[in-house]
1. Collect the residues in the stretch 1-54 that are surrounded by fewer than 16 Cβ atoms within 10 Å (Cβ to Cβ), modelled with pLDDT of 85 or more and polar (S, T, N, Q), keeping them in residue-number order.
2. Could you grab me the full set of residues in the stretch 257-284 that are open to solvent by 20 Å² or more (accessible area, probe 1.4 Å) and farther than 10 Å from Pro301 by Cα?
3. Which residue is most open to solvent (accessible area, probe 1.4 Å), if the candidates are limited to the stretch 196-219 and must be touching a helix residue (DSSP H, G or I) at 6+ places or on another chain (Cβ under 6 Å) and not polar (S, T, N, Q)?
4. Since Arg345 meets every condition but one in (1) assigned to a helix (DSSP H, G or I); (2) over 30 Å from Arg269 (Cβ atoms); (3) of a type outside the set (Phe, Trp, Tyr), which condition does it not meet?
5. Here are the criteria: (1) in contact (Cβ under 8 Å) with a residue 40 or more places away in the chain; (2) surrounded by fewer than 16 Cβ atoms within 10 Å (Cβ to Cβ); (3) in contact with a helix residue (DSSP H, G or I) (Cβ under 8 Å, 6 or more places away or on another chain). Tell me which single one Phe154 does not satisfy.
6. With aliphatic (A, V, I, L, M) and touching a helix residue (DSSP H, G or I) at 6+ places or on another chain (Cβ under 7 Å) as the only criterion, which of Val330, Val326, Val356 stands out?
7. Which numbered condition trips up Asn229, out of (1) part of a loop (DSSP other than H, G, I, E, B); (2) surrounded by fewer than 17 Cβ atoms within 10 Å (Cβ to Cβ)?
8. Among the residues of the stretch 157-188 satisfying the criterion of being without any contact (Cβ under 8 Å) to a residue 12 or more places away in the chain and part of a helix (DSSP H, G or I), which is most open to solvent (accessible area, probe 1.4 Å)?
Amino acid sequence: MLDAAENASPVEAVEAVTRELGAALGARNVAFLIADLSGRALVRLAHVPFTDAGAGRRDGEELATVLPFDGGPAEQSLRTQTVRVMAQSDGWTVWAPVTDRGEAIGLLQMVLPNEPDARELAEIGRTAHVLAFVVIANRRHTDLFEWGQRTTPFTLSGEIQRRLLPGSFTCEASAFTLSGWLEPAASVGGDTFDYSLARDVLHFSVTDAMGHGVASALTATLGVGSLRNGRRRGVGLVEQAAAASADLAGHSAVPGSFVTAVLGRLDLRSGVCALLNAGHVPPMLVRDGDTQAVPLPGNFPLGMFAEADYQAGEITLRPGDRLVVVTDGVRERNAASLDLPTMLRSLAGLHPREAVRALADAVLKVSGPTLADDATLFIVDWHGGHSEDRHTSAGADQARASTALPD
């Protein structure tokens, strides 16, 4: 399969792998369904002659067919990260998660002539995991996958904002699981989240640039670029904030532009988490069924004053703790009617990937379908045990993969 992927062009690599898999298992049909960027649908990508009929978006001979979530086995397979099997009129349909470190990339769907046994299902699950690496490696070289995932066109500001986000919204390791989500406003509000993992440290940030549209996206670009530069130079949170504030004050195209932010640095050996709040919504801690705002020193937003001084605080996380950072789009206007602490308690058993999406759905329900401001959510679950091996099944954390979903 890997030889087939490498010998094919980046656009055809996934098809080459699924053909090999179908031949090996005698499948009647094999397809890769990629997760839509909205998090609420799957998309079937196909290469078809231009004259062929077919509903869906087209780009030349490329066809993208959206399959909205309907609560069926495909959605359940993706959201619970488990292989699902169903007998249908044309055979036995199998859905297997295409996942790497908890990032739900999509599903491998195949129709088999006979009911698969446990060994075959395990092999299909492992193959789907391999397919995740094929997608990750080849999407760097083509826009096909991103085009397929976009059910609505992006504005220029949306395109800029998209490039500021991390390549994967979810990451699992032995000590932690994290996931972020951004629900964009009609006119992008400049929200971002970011993270990077070192050997013994997890760095993360959530930012909200002033204003909307292209100007806000450019301000966010300056802020995120400066913070990443400071992080990669190895400086601490206070130095990162001071440098970003000076860079924004000195280079912003719109005078007076600023960025609110929460910056974090989690020591994976001890659970000690340094946090710096620059004029942002306070982070929240979910612990033992209770939700509390994390008390931190007050600081000016980044860029408001070039010479501002910054102070950080810290909290020591315990195994089972959940740290939550949101932007003001989750707390403003109609969204303010949400009882966020209660919601966070009710979602405590969900994987962070599902929790952020459930929260985004709740914001859309009270403030949508079009938001006036970006709504961004970032969750870190602390497990402890940084030195322990991680136990996975086909790319997802085995202990959290089967977590029940809310009704």
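The values are calculated or read from the model by the stated rules, or taken from the named source; none is laboratory data. Because the structure is a prediction, the values reported are computed rather than measured. Here Cβ is always computed from backbone atoms with ideal geometry, including for glycine, and neighbour counts include all displayed protein chains. Ligands, DNA and RNA are excluded from the accessible area calculation, which covers all protein heavy atoms including side chains. Shrake-Rupley method; radii C 1.70, N 1.55, O 1.52, S 1.80 Å.
1. Asn7, Ser9, Asn29
2. Result: Arg265, Asp267, Arg269, Ser270, Val272, Ala274, Val281, Pro282.
3. Val214
4. Only one criterion in (1) assigned to a helix (DSSP H, G or I); (2) over 30 Å from Arg269 (Cβ atoms); (3) of a type outside the set (Phe, Trp, Tyr) is unmet by Arg345, namely (2).
5. Single failed check for Phe154: (1).
6. Details: Val326 fails: touching a helix residue (DSSP H, G or I) at 6+ places or on another chain (Cβ under 7 Å); Val356 fails: touching a helix residue (DSSP H, G or I) at 6+ places or on another chain (Cβ under 7 Å).
Checking each option against the conditions leaves just Val330.
7. (1) is the only condition that Asn229 fails.
8. Of the residues in the stretch 157-188, the ones without any contact (Cβ under 8 Å) to a residue 12 or more places away in the chain are 159, 162-163, 167.
Cutting the leftovers down to part of a helix (DSSP H, G or I) gives us 159, 162-163.
On the way: Glu159: 61, Arg162: 50, Arg163: 130 Å².
By that ranking, first place goes to Arg163.
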